[in-house]
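I have placed the structure first, in the form of structure tokens, so that the comments after it can refer back to it.
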Amino acid sequence: GFLENVITHDIFRKGNCTVGFIDKHPELFKLAQIRDRGTKTLLYLADVTVNGHPDVKVKDPNRRFRIPQVPAYSRITPFPEGTKNKLQQMGRDDFARWLRQEKPVYFTDTTYRDAHQSLLATRVRTKDIMAVAEGYARNNPQLFSMEVWGGATFDVSMRFLHECPWRRLQQIRQAMPNLLLQMLFRGANGVGYSAYPENLIAKFIEKSWENGIDIFRIFDSLNWVDAMAPSIRFVREYTDALAQAAISYTGDILNKDNRKYTLQYYVDLAKRLEDAGAHMLAVKDMAGLLKPQAASLLISTLREAVQLPIVLHTHDTSSVQAATYLKAIEAGVNVVDGAIASLSGLTSQPNLNALVAILDGHERSRPMNLASLNEYSNYWEDVREYYYPFESDMKAGTAQIYENEIPGGQYSNLRQQAESLGLGTQLETIKKNYAVVNQLFGDIVKVTPSSKVVGDMALFMTANGLTKEDVLDETRNFAFPASVTGFFRGDLGVPYGGFPEKLQRIVLKGEQPLKGKPNEHLPPVDFDSDFAKFQLKYPQAEFLDYLSYHMFPKVFDEYYHHTMIYGNVEAIPTPAFFYGLKLGEEMLVTLSKGKTIIVKLLYVQKADESGMCTVVFELNGYTRRVQVRDHS
Ligand code: BTN
Ligand code: 3PY
Ligand code: ZN
């Protein structure tokens with residue numbers, strides 16, 4: 001019907017509008033805002049419909065989507081108690097001790113973070129998560145935790161989805177009050193790709209906790225304990241959350257030729273992380289290199305070396321990592337990471353549903369509601385279709401992973417990256433060069449961001465047809481990628497065993513490397529004066545946005561301006577978000593609680609001589625026209 005707003009209000013029109021008017025009639029301003037947000041949404045839809053989505057490189061016009069079925073749940077009964085309640089009742093130290101001695105093995109569900117990061121280039125939108133989050137928490141309170149935030153999701157949600165990452169966290173927190181929520185935190189690199197000032201890391205941890213994080217999985221891309229220790233300390237000092245320190249696993253402890261990443265190397269790391277104050281220890285097998293027999297040895301040895309509960313994370317790139325979990329479970333691991341069936345496997349985590357099924361009858365089995373997990377898998381199977389442009393073309397597991405050691409999250413991205421550089425046909429060479437670069441760099445731990453450096457160098461060598469010998473030829477003068485120069489300068493710290501000196505000299509061309517921790521040289525952020533400056537530039541933004549800005553200044557700037565033009569695009573259903581509307585197609589958009597608009601695409605006019613194109617919609621039954629530039 002007709003929306004009354006300020007301009008049409010009687011008092012306003014008669015000129016009797018005094019200062020008190022706004023206070024007495026806030027609803028009128030709200031309505032004006034809703035209408036305005038409706039226009040912004042139409043503008044977005046018009047733009048995507050006319051010009052396509054910049055992130056969707058190949059659109060299949062014939063694709064039809066099934067309607068994902070949200071499994072039923074009771075909204076009114078109290079939430080069944082879960083691990084979050086337990087943490088609140090026990091406090092974190094007792095909770096960690098309790099977990100360590102628990103007989104059953106627990107599961108962390110990575111569906112909302114690592115699974116789609118590793119299968120769909122991190123593109124899963126908040127809306128598709130929120131449709132099932134509450135029901136999932138109510139129906140599956142036996143889970144240990146949900147990994148929902150951090151890693152690449154922070155960057156991608158702003159950069160590609162134009163969403164506020166903090167708002168995603170807040171909504172998930174509200175929907176899942178009974179379960180522990182977990183994030184992946186890159187230590188001194190925060191949720192970014194290089195080191196940040198220490199007081200910014202501290203503030204970020206504090207605010208992440210305030211907004212819902214219960215477990216911080218903290219790692220460093222070179223397994224550098226000194227770089228992880230401050231984050232562990234900040235979790236202890238500024239939050240009531242659990243600091244889960246993660247060792248990134250590389251190489252093969254059972255390989256006789258391996259002199260670097262030995263069992264002793266991991267044991268030493270574990271002890272130092274325990275001493276640094278970690279509440280839990282994770283083995284983070286980001287490339288899926290931990291073989292079953294190695295898991296037996298590693299987990300049982302770590303159980304003896306430290307008193308902490310132990311978590312195992314892997315990627316199923318080889319397709320045999322469920323066997324590794326089984327061995328780890330028999331060696332006493334407390335928690336393993338899995339993903340809902342339809343978003344599991346290959347570069348993602350092993351299949352949670354199947355793990356639950358195969359453990360049935362095992363002495364360490366923790367009963368779960370498998371029928372419910374399978375319903376949620378069906379939901380995600382249909383939702384996954386929305387994201388078809390971001391699928392990798394990997395069809396089966398590969399044993400090549402033991403040679404190239406590419407992390408799951410990077411593996412699935414490499415093809416897209418290669419294609420965007422015109423190297424799409426050279427993927428095999430890129431993967432081979434990845435291993436060559438690893439050896440050139442002295443055999444380093446490869447996980448964000450060190451993995452990105454190795455990847456950049458592999459792409460560089462492939463694009464220029466370079467061999468190992470070419471790179472080490474001191475008479476050549478290459479313009480190495482910026483990330484490679486930064487790496488050898490010490491921007492990410494110093495790898496275990498140091499830098500290979502000759503290559504460091506070649507890359508740095510006389511520049512001196514940094515000494516000490518990478519963020520030691522960065523001046524602290526002056527929150528008071530700097531935030532005031534930020535607000536002058538971004539008047540609609542708040543403190544959490546300011547933290548986003550600090551992690552990714554340019555990405556935040558674009559995100560902010562996108563929001564100013566198109567409003568909050570989070571509410572737009574995913575098919576319309578990526579593919580626009582078809583003629584006659586109708587859609588509901590819930591702009592805020594109880595404020596739903598009905599949008600129908602009526603007509604798209606041809607662009608006029610100035611390149612502008614009129615798109616005609618019906619919005620809540622009224623015809624609305626918006627103009628967008630046709631970029632074709
Ligand atoms: C609008 O109504 O469309 C404008 C709202 C602006 C919100 C700003 S954009 C960046 C920042 N992140 C948020 O979640 N809110 C602010
Ligand atoms: C990340 O840092 O995003 C990772 O997933 C590393 O494995
Ligand atoms: Zn992972």
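Observations on the model:
- Subset of segment 439-469 (residues that are assigned to a loop (DSSP other than H, G, I, E, B) and not charged (D, E, K, R)): Phe441, Gly442, Ile444, Val445, Val447, Thr448, Pro449, Asn464, Gly465, Leu466, Thr467
- Residues of segment 587-629 classified as touching an Asp or Glu at 6+ places or on another chain (Cβ under 9 Å), in a loop (DSSP other than H, G, I, E, B) and surrounded by 13 or more Cβ atoms within 10 Å (Cβ to Cβ), total: 1
- Filter result for Val50 (over 30 Å from Arg138 (Cβ atoms) and in contact with an Asp or Glu (Cβ under 6 Å, 6 or more places away or on another chain)): yes
- Per this entry, Ile213 is counted among residues that are under 23 Å from Asp285 (Cβ atoms) and either of a type in the set (A, V, I, L, M, F, W, C) or outside any loop (DSSP other than H, G, I, E, B) (or both).
- Among the residues listed as Pro407, Pro367, the single one being more than 16 Å from ligand 1 (Cβ to nearest atom), under 23 Å from Lys327 (Cα atoms) and within 20 Å of the chain's Cα centre (by Cα): Pro407
- Filter result (near ligand 1 (Cβ under 8 Å from one of its atoms) and either at pLDDT below 95 or out of contact with any Phe, Trp or Tyr (no Cβ under 6 Å at 6 or more places or on another chain) (or both)) within segment 543-580: Asp545, Tyr559, Thr563, Met564, Gly567, Asn568
- Condition check for Leu346 on (1) crowded, with 16+ Cβ neighbours inside 10 Å; (2) more than 29 Å from Pro61 (Cα to Cα); (3) among the aliphatic types (A, V, I, L, M): one failure, at (2).
- Residue identified as surrounded by fewer than 20 Cβ atoms within 10 Å (Cβ to Cβ), without any contact (Cβ under 8 Å) to a residue 60 or more places away in the chain and more than 30 Å from Gly361 (Cα to Cα) among Glu206, Glu198: Glu206
- Counting only residues that are away from ligand 2 (no atom under 16 Å from the Cβ) and either of a type in the set (S, T, N, Q) or touching a Phe, Trp or Tyr at 6+ places or on another chain (Cβ under 6 Å) (or both), segment 387-415 holds 2 of them.
- Wholly within segment 536-584, helices (runs of 4 or more DSSP H) carrying at least 2 residues that are touching a strand residue (DSSP E or B) at 6+ places or on another chain (Cβ under 9 Å) and more than 16 Å from ligand 3 (Cβ to nearest atom): 574-579
- Residue selected from segment 545-568 under the condition among the hydrophobic types (A, V, I, L, M, F, W, C) and either under 19 Å from the mean Cα position of the chain (by Cα) or within 16 Å of ligand 2 (Cβ to nearest atom) (or both), by the criterion surrounded by the most Cβ atoms within 10 Å (Cβ to Cβ): Leu547
- Cβ-Cβ under 8 Å pairs, at least 6 apart or on other chains, segment 115-135 side of a type in the set (D, E, K, R), far side in a helix (DSSP H, G or I) and within 14 Å of ligand 3 (Cβ to nearest atom): Arg123/His116
- Qualifying residues in segment 591-632 (those that are among the small types (Gly, Ala, Ser) and within 16 Å of Gly580 (Cβ to Cβ)) - the one modelled with the lowest pLDDT: Ser632
- Conditions (1) closer than 22 Å to Val105 by Cα; (2) surrounded by 20 or more Cβ atoms within 10 Å (Cβ to Cβ); (3) polar (S, T, N, Q): number failed by Ser221: (1)
Condition check ((1) crowded, with 19+ Cβ neighbours inside 10 Å; (2) in contact (Cβ under 8 Å) with a residue 40 or more places away in the chain) across all residues:
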residue: Asp443; (1), (2): yes, yes
residue: Val453; (1), (2): yes, no
residue: Phe478; (1), (2): no, no
residue: Thr485; (1), (2): no, no
residue: Gly490; (1), (2): yes, no
residue: Gly493; (1), (2): yes, yes
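The values are calculated or read from the model by the stated rules, or taken from the named source; none is laboratory data. What you see is a predicted model, and the numbers here were worked out from it, not measured in a lab. Positions of Cβ are backbone-derived with ideal geometry, glycine not excepted, and every protein chain shown enters the neighbour counts.
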